[in-house]
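The numbers here are math on the coordinates, done by the rules we state, and not lab data. All figures in this text were calculated on a predicted structure; none of them were measured in a lab. Neighbour counts are summed over all protein chains in view; Cβ atoms, including those assigned to glycine, are modelled from backbone coordinates with ideal geometry.
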Amino acid sequence: MKIYHAPLEGITGWIYRNAVHECFGGFDKYFIPFISPNQKGHFSAREKKDIMAEHNRGMYAVPQILTNNAEDFIKTAEKLEEYGYNEVNLNLGCPSKTVVTKGRGAGFLADPDRLDRFLEEIFEKCSIKISVKTRIGMEDREEFGHLLEIYNRYPMEELIVHPRLQSDYYKNVPDLDTFSLAVRDGKSPLCYNGDIRSAEDMKQLTDRFPSIKRIMAGRGVLMNPALGRELKGGSAAEKKELRRFHDLVYAGYCEEMSGDRTILYKMKELWSYLAPVFADSGKYAKKIKKCEKCRVYENIIDEMFEECSLSSSAAAEQEECGM
């Protein structure tokens, strides 16, 4: 089984990815959060840092592109080839309203004819390998049959399907009945994405779809950074590993960012997912949420790692910990 680390914009940047890779591993591919081509045709400072070779050593990294303009996609893919990449991923899955209203991400699925022309042009003109990450439609599961017909026309490196509608965001459960269409009729190598948070989740999926050999995990990794290793049959995270993981992420943010507020915003975001990995961490989660100074934050973390044991249900809902 090939296990992929999903891109989550604003969270799984190079500092986070490197900490996961160094402390736990388990992933065959790490997808870089989307690059959104701009009018000047240049990468942003964040995008440059994310794609630099020295920030992705030892891992197979795949940059993701978010656009509905074929020329912009082609130019961005060419620039990424110059950085040494041999594969890019097209984002047709982002459900954010700010993205969708511009007809990008999952919003592009609302215009399948235009999407077809877009795919025809990029596959004709790009020499780099292209994979596609998609949802099953905007508002109705019946949309996916036509979308799959379109996808089948092109030589994709792989098709990554998150079987939710754009209107679902991350609510409701993945629609495995609709996903079965891709299993049955899809012509590209197929990867499943959606609510894989444990080895048991993966087993249930593969029991139903034995042909699936690629799985992408996203929010499950945020809740359990050792998930990739566990899905490969490895051990769960130990407390000392989690401490090292935290310290690498925190040190990276402290070096790259300025101001306690900015650094702590990133760490609070991390703990909003990670807190349930510790039993009885509720009071510490609340302290982290209210914390305004790095020095105070560091004391809270020292105390939590000293006092809290690991939870036996680390994938519990994060709101149970008050975040």
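The table for this structure:
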| item | result |
| --- | --- |
| Ranked by how many other beta carbons lie within 10 Å on average, peptides 294-306, 240-252, 131-143 from highest | 131-143, 240-252, 294-306 |
| Angle between the chain longest axis and helix 176-185 axis [Cα atoms, degrees, rounded to 10] | 40 degrees |
| Size of electric dipole in region 43-130: Cβ of Lys, Arg +1 and of Asp, Glu -1, about Cα centre, debye, nearest 20 | 420 debye |
| With Cα atoms, 0 to 90° folded angle of helix 260-274 axis to the chain main axis | 80 degrees |
| Most positive-pole-ward Cα, Val132, Leu264, Pro95, against dipole of the chain from beta carbon charges | Leu264 |
| Acute angle (nearest 10 degrees) that the helix 199-208 long axis makes with the longest principal axis of the chain, alpha-carbon atoms | 20 degrees |
| R0 of 30 Å, Cβ-Cβ distance Glu303-Asn38: FRET efficiency to nearest 0.05 | 0.10 |
| Relative contact order computed over region 74-196 (Cα-Cα under 8 Å; 6+ residues apart), in percent | 24 percent |
| Check: region 198-323 dipole with +1 on Lys, Arg Cβ and -1 on Asp, Glu Cβ, in debye | 320 debye |
| Listed residue (Gly194, Val221, Leu274) projecting farthest to the positive dipole end of region 152-310, Cβ model | Gly194 |
| For the chain, with +1 on Lys and Arg beta carbons and -1 on Asp and Glu, the positive-most of Pro63, Ile288, Phe73 along the dipole | Ile288 |
| Part-to-part distance (alpha-carbon centres) for region 146-185 and region 222-272, which is given in Å | 31 Å |
| Cut-off under 5 Å, modelled amide H: who pairs with Ile65 long-range | Ile35, Asn89, Leu90, Asn91 |
| Relative contact order computed over the chain (Cα-Cα under 8 Å; 6+ residues apart), in percent | 16 percent |
| Peptides ranked, highest mean first, by Cβ atoms within 10 Å: ranges 176-188, 82-94 | 82-94, 176-188 |
| Calculated [θ] (222 nm, deg cm²/dmol) that DSSP helices of n ≥ 4 give over the chain, each run adding -39,500 (n - 2.57) | -13000 deg cm²/dmol |
| Unit charges on C-beta of K, R, D, E only; dipole of the chain, Debye | 480 debye |
| Surrounding net charge for Pro63, when Lys and Arg each add one and Asp and Glu each subtract one, Cβ distance under 9 Å | -3 |
